[in-house]
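What follows is calculated from the coordinates using simple rules that are stated; it is not laboratory data. No experiment lies behind these values; they were computed from the predicted model shown. Backbone-built Cβ (ideal geometry, glycine too); neighbour counts: all protein chains shown.
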């Protein structure tokens with residue numbers, strides 16, 4: 001086919017797409033930022049999927065792995081790292097308790113448990129009256145009030 005040359009992504013564009021995928025940028029928006037150098041126009045979704053499949057599939061995974069590595073290092077701490085000449089590459093990191101707690105909750109299923117204790121008067125047990133006896137007492141009072149009204153000549157509701 002002797003026509004236009006097919007789109008060829010640059011290494012810089014590949015790095016951009018992987019970063020965009022890592023940041024969670026929608027693919028439609030990625031297309032707006034990626035220009036075809038031949039036309040100067042944004043690429044379409046079909047071109048994005050065809051030429052950047054690996055970057056789209058791995059960008060978020062790589063980002064999650066870096067965040068997990070950083071969180072893990074914060075949770076457990078890390079020794080200082082030096083190069084072959086003894087130059088400090090990374091300073092020692094002491095463990096951060098909150099990172100450890102987050103890791104335990106998110107990865108190990110740990111939960112904080114709230115215990116609510118209810119007590120009666122002076123810290124004693126809560127007194128629970130028998131429902132039947134309360135109902136019987138209430139019905140007896142209503143019957144007595146009704147009988148008193150009948151004897152007084154008040155009109156009764158129907």
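Quick notes
- 2 or more residues in contact with a strand residue (DSSP E or B) (Cβ under 9 Å, 6 or more places away or on another chain) and either closer than 30 Å to residue 9 by Cα or free of Cβ contacts under 8 Å to residues at least 60 places away in the same chain (or both): qualifying helices (runs of 4 or more DSSP H) within the range 20-89: 27-33, 53-76
- Here is the figure for the range 106-127: residues that are part of a loop (DSSP other than H, G, I, E, B), surrounded by 10 or more Cβ atoms within 10 Å (Cβ to Cβ) and within 26 Å of the chain's Cα centre (by Cα) total 1.
- All positions within the range 91-100 that are exposed (fewer than 12 other Cβ atoms within 10 Å of the Cβ) and not in a helix (DSSP H, G or I): 91, 92, 94
Matching residues to (1) more than 30 Å from residue 7 (Cα to Cα); (2) touching a helix residue (DSSP H, G or I) at 6+ places or on another chain (Cβ under 9 Å):
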{"position": "58", "(1), (2)": "no, yes"}
{"position": "71", "(1), (2)": "yes, yes"}
{"position": "96", "(1), (2)": "yes, yes"}
{"position": "102", "(1), (2)": "yes, yes"}
{"position": "134", "(1), (2)": "yes, no"}
{"position": "151", "(1), (2)": "yes, no"}
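- Qualifying residue in the range 38-52 (condition: within 30 Å of residue 104 (Cα to Cα) and exposed (fewer than 15 other Cβ atoms within 10 Å of the Cβ)): no
- Single unsatisfied condition, residue 103 versus (1) over 32 Å from the mean Cα position of the chain (by Cα); (2) under 25 Å from residue 64 (Cβ atoms); (3) assigned to a helix (DSSP H, G or I): (1)
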